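J.: Dumping the structure here so I can ask a few things about it.
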Amino acid sequence: MNWINNVVRPKIRSLLTTRREPPDNFWLKCGGCGQMSDRKALEENRFVFPCCGFHARMTAEHRLKIVFDGGEYTTVAVPPVAQDPLKFRDGRRYTDRLKDAKAKTELEDAVLIGEGKLEGQPVVVAAQDFEFMAGSLGMAAGEAVITGMMRAVEKKVPFILFAASGGARMQEGILSLMQMPRTTIAVQRLRSAGLPYIVVLTDPTTGGVTASYAMLGDIHIAEPGALICFAGPRVIQQTIREQLPEGFQRAEYLLAHGMIDMVVHRHQLTQTLATLLHILMSGATAAKNAKTDKSVTARRYMNGSSVDGKLLENLARTGDVVEPEAVEGAERFDPARIEARKPAREAESASPRTQPNKDSPRST
């Protein structure tokens, strides 16, 4: 009787009904307002909840797909490192934790490196995956960041980093902390080569990553609502025993206090990065021309290279760059507005500039 109830009847019921239960991870809860949304719709919307615009966390693979043209990129191989140099064990063995993280994310470690094109511009991009042991910085992750930077120096292309980490990896002790000065030296190599280094701070970016390469970029962009700090707000509040201001250590708070350069919505992030790279690489080209021209007197600096002021002015008027305008943040990098401004800039650069007569008396 048990065989009929437990085997026969469920099989007959499955043949007669077409209703199937969705998988366990089909529905995701919004971290802002609590509404539910299906994973497929969120993935098409770049994991931004349509209800309130809350930015959910993304995997490293999804990050690279939305950045590169057509989602196509080539993965950069990272040299292998020792898996468990300290033979660490707490509640579980460190090697077992690594195996579980690799099976869950299908990554070798917390950082994924890819090279391809962003709006036609060759670029190397590194993305940290928070699902891999909270994106912690260990020997393998540090080696991956350094490999990506050195690849950018070798190819003479910009480097973009998507930071998402809970800090240094405690299972590797001092060897994890050593990655902070190592990555800092790699950043200096990028700077010496005159290559742009742009950091995109995502939720969360904390600990040793914030204390090293995540805060050494030429430009720092943050996603809305991202937690960016060294020590978390709960630790600080328990230490100083005072009430912290609302939104403390969130992206908008840090922007208001001058710690980051801009907060960009994820839907506008790709176009923003493309525009910034176009401006910075145009400046790098101008810097090379300035070095070869002995008649140029260097008075300003761009991207670590000396550039004459007149050269910058000519570049801004004749080059295909975006001039500063008093516009709203949502319209700042609107492609339609940039295209509409091109004829006006071309007409302005074509018309001769009127120079004041040195002999004429100055009006008071």
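The values are calculated or read from the model by the stated rules, or taken from the named source; none is laboratory data. A quick note: this is a predicted structure, and the numbers were derived from the prediction, not measured. All Cβ positions, glycine included, derive from the backbone under ideal geometry; neighbour counts span all protein chains shown.
J.: Checking GLN188 against (1) in contact (Cβ under 8 Å) with a residue 60 or more places away in the chain; (2) within 25 Å of LEU277 (Cα to Cα): exactly one of these is not met. Which one?
T.: (1)
J.: Quick one: in the range 185-206, of everything that is modelled with pLDDT of 95 or more and in contact with a Ser or Thr (Cβ under 8 Å, 6 or more places away or on another chain), which residue is surrounded by the most Cβ atoms within 10 Å (Cβ to Cβ)?
T.: My answer is THR205.
J.: If we keep just the residues of the range 237-280 that are basic (Lys, Arg) and touching a residue at least 24 places away in the same chain (Cβ under 8 Å), which is farthest from GLY53 (Cα to Cα)?
T.: ARG250
J.: Just to verify a result, which residue in the range 208-219, among those that are surrounded by 23 or more Cβ atoms within 10 Å (Cβ to Cβ) and under 27 Å from PHE49 (Cβ atoms), is nearest to the chain's Cα centre (by Cα)?
T.: My answer is ALA214.
J.: Just to check your reading of the model, which residue among LYS117, LYS87 is touching a helix residue (DSSP H, G or I) at 6+ places or on another chain (Cβ under 7 Å) and basic (Lys, Arg)?
T.: Details: LYS87 fails: touching a helix residue (DSSP H, G or I) at 6+ places or on another chain (Cβ under 7 Å).
Answer to the check: LYS117.
J.: Checking the conditions here, which among VAL124, VAL157, VAL153 is of a type in the set (Val, Ile, Thr), within 21 Å of THR272 (Cβ to Cβ), at pLDDT 95 or above and not in a strand (DSSP E or B)?
T.: Among VAL124, VAL157, VAL153, only VAL157 is of a type in the set (Val, Ile, Thr), within 21 Å of THR272 (Cβ to Cβ), at pLDDT 95 or above and not in a strand (DSSP E or B).
J.: Of all residues in the range 29-62, count the ones that are among the small types (Gly, Ala, Ser), in contact (Cβ under 8 Å) with a residue 24 or more places away in the chain and over 20 Å from THR105 (Cβ atoms).
T.: Total satisfying the criteria: 3.
J.: Restricting to the range 13-60, and then to whatever is among the β-branched types (Val, Ile, Thr) and modelled with pLDDT of 90 or more, can you tell me which residue is farthest from LEU201 (Cα to Cα)? Talk me through it step by step, then tell me what you get.
T.: Start the filter on the range 13-60 by keeping residues that are among the β-branched types (Val, Ile, Thr), which leaves 17-18, 48, 59.
Next, from what is left, pick out any that are modelled with pLDDT of 90 or more: 48, 59.
On the way: VAL48: 16, THR59: 14 Å.
Among those that are among the β-branched types (Val, Ile, Thr) and modelled with pLDDT of 90 or more, it is VAL48.
J.: Collect the residues in the range 161-183 that are surrounded by fewer than 24 Cβ atoms within 10 Å (Cβ to Cβ) and among the aliphatic types (A, V, I, L, M), keeping them in residue-number order.
T.: Selection gives MET170, ILE174, LEU175, LEU177, MET178, MET180.
J.: Across the range 220-257, which residue is farthest from ALA193 (Cα to Cα) among those that are of a type in the set (Lys, Arg) and more than 22 Å from the chain's Cα centre (by Cα)?
T.: ARG241
J.: Within the range 248-261, is even one residue assigned to a loop (DSSP other than H, G, I, E, B), more than 13 Å from VAL200 (Cβ to Cβ) and modelled with pLDDT under 90?
T.: No; the residues of the range 248-261 include none that is assigned to a loop (DSSP other than H, G, I, E, B), more than 13 Å from VAL200 (Cβ to Cβ) and modelled with pLDDT under 90.
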